[in-house]
Structures are given as C-alpha cells and as structure tokens.
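Written below as structure tokens is the structure these notes are about.
Taken together, the values in this text are just the output of simple stated rules run on the coordinates, not laboratory data. These numbers were taken from a predicted model, which means no experiment stands behind them. Counting neighbours? That spans all protein chains shown, and the Cβs are built from the backbone with ideal geometry, glycine included.
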Amino acid sequence: MEEGQKTAPLLTEDSDQLARDYERVSLGRQFQSGKRLVEALAIAPGERVLDIGCGTGLLAEHVADLVGSSGYVLGIDPLVLRIELAQAKARHNLEFRVGDAYDLSAVASSSFDVVCLNAVLHWLPEKAGPLREFARVLKSGGRIGIGGGAKEQRSPLRGVLGKVLGHPPFSAYPRPRGDLSFRIDEHELRELLEATGFGVKTIELYDSPFVHASAEAVVRFSEASSFGNLLAHLPPEMRPVAREALAHALAPLAAPNGTITQDGRRMLAVAFKRTA
C-alpha cells in the first residue's frame, strides 16, 4: 500500500456550525453504526474504553452508560471544536481530550480493555503506526473495534463532485486527490491488524443505506463529516457557489419527495491483542 505518500486531511477547516451539523446528522448514521460496533465488542460494566476520533462524544457517552460507574471512557479527537461540544457530556466516568491517533504518548501502556474507532480509520493516511499504539495501550487480550465505510462504498456525491469541480471556474483549483479518505478493503485490514499485534476475531461487511433530506443536505453532510475538507481546496469566496452547483447537480437523483438515498456499504472488525 502507498497510503503514507498521500496528504492527510486538514484539521483547520472545521467550524462550530459544521461540528453541530455533524452531531445532528450523525445521530441517524455514525452513532447508529457505532452502537452496532460497540455491541460486537461486548463492552461490559467496569471496563476501560478508549474512543479514538470520538467527535462530539455521542458514542462515548453511550459507552459510558454501558461501563457504568466502575468503568471509564476516554474520548480523543484532534478537532478542538468537536471536543468542546463533547465536554458538555463529560462526567465522573467519561473524559474528553484533544488528541491525535499518531501520538498517544500521554496514555499509559496496558491501561485499557477496549479501543474503539468508529468512522475513523479511513481518515488516517498511515495506519500501522497508530495500530501499534492501540495495541500498546491495550491490556493483554484487550479488544479493538473498527467500523467505517468499506473501500467499495459509493457515495451519490462522488461522481457529481468530480464532474462539477472538473469544470470552470472550479477546475482552476485542482483537488489534492480524487477521494478525501484512505479506505482499505477487508484483506488489507486483516493484514494490517495481524502485522501490528492483533488476532482478528471477525470482519463483517454489511449494507447501511442512509436517506438525506435533500440535495443540499447531502452536500452539508459531506462537508460536516469531512470536517470542512470537501471544498477546502477552493478559495473561501468560491465555496458557496460550489455548494449551490453541487446541490443543483445532485437534484436529479432525488425522489419525488426531495430525498436522496445513499447506498452505504460498511465494514466492521473486531480483533484482540495477542499475548506475547
């Protein structure tokens, strides 16, 4: 794989509105797939859970209810504005910090029972380093759960995006790459996990369609879930024009009631830290 040669998404394009949009929309999407991941991990009362890329803390809050007062959940995310929203959910067994999957030096070795990544791994250009760190912070036999879009997932926005941004005036500002994320397939994930100290318990692919309220909602969700990276290559004054052009181009995909269905394909993996 040549993931490490690609450029990581920017962390500077997020906004308070995008963060709030993400929390609102993810209630029906990322949070629901996250609960499926948590169920597969069989998280129990009293366990210590590290939620990497926790966003605004919806899933971490749910996990804190599962581990109860004798457990502990730490949510880490590099996006300051999303951690600020998450802080409102903090309590005695639930803590949030600004942090990076590439630097977990502040987390003690063998200090967690579970590491959870929901809709996160595909944002990491280089994955082996973080996975080794996740193995380090897990206790012997500890579990890791990874959920997110499958490599073959197709978004209604993707083809439209290429067509719209490939024409003037937007074509004067080429995008860094065709796809914003760094998705891998089942075989690649299995190889990565086994090479970084994990034994794979299960990798599951499943369909997860999602209905957007309108063409404009598709664009807004894509901006929020990419923390502003969707149109970050364009000058700020051109972005409203691009949003309008994208929504116009998506409109023919809408049902009579204006909704647009995204046929999602997701991957869910559970693995355990191998004993020495």
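Brief remarks on what is shown
- Pairwise Cα inverse-distance average, inverted: Kirkwood Rh of segment 15-114 (Å): 13.6
- If a spin label sat at a point 7 angstrom from the Cα of GLU152 along the line to its beta carbon, the backbone N atoms of segment 195-228 nearer than 20 Å would be those of 202-210.
- Between segment 95-169 and segment 193-224, the alpha-carbon centres lie 11 Å apart.
- Ascending count of other beta-carbon atoms within 10 Å, so fewest first, for ARG132, ARG190: ARG132, ARG190
- Look at ASP14, ASP263 and count the other Cβ atoms within 10 Å of each Cβ; fewest to most, that gives ASP263, ASP14.
- Charged-residue dipole, Cβ positions (Lys, Arg, Asp, Glu), the chain about Cα centre, Debye nearest 20: 300
- Karplus (6.51, -1.76, 1.60) ³J(HN,Hα), θ = phi - 60°, over segment 96-110, in Hz, Gly and Pro reported as x: 10, 9, 6, x, 10, 4, 8, 9, 10, 4, 7, 9, 5, 5, 6
- Computed [θ] at 222 nm, helices only, for the chain once each DSSP H run of length n ≥ 4 contributes -39500 (n - 2.57): -10000 deg cm²/dmol
- Cβ-derived FRET efficiency at R0 35 Å, HIS167 paired with THR202, nearest 0.05: 0.20
- When the P(r) of segment 52-99 is calculated, the portion above 13 Å amounts to 42% of the C-alpha pairs.
- Rounded to the nearest 10 degrees, the inclination of helix 30-41 to the longest alpha-carbon principal axis of the chain is 30 degrees.
- Its residues counted as N, segment 144-237 yields a C-alpha radius of gyration over 2.2 N^0.38 Å of 1.34.
- The share of C-alpha pairs in segment 100-168 whose separation exceeds 19 Å stands at 48 percent.
- Residues whose placed amide H lies under 5 Å from that of ARG48, excluding near-sequence neighbours: TYR72, ASP113, VAL114
- With a Förster radius of 25 Å applied to the C-beta separation of ARG132 and ALA44, the computed FRET efficiency comes to 0.45.
- Evaluated at q = 0.10 Å⁻¹, the base-10 log of the normalised Debye intensity for segment 83-234, with identical point scatterers placed on the Cα atoms, takes the values -0.48.
- Percent of Cα pairs exceeding the 19 Å cut-off, where the set is segment 194-272: 54
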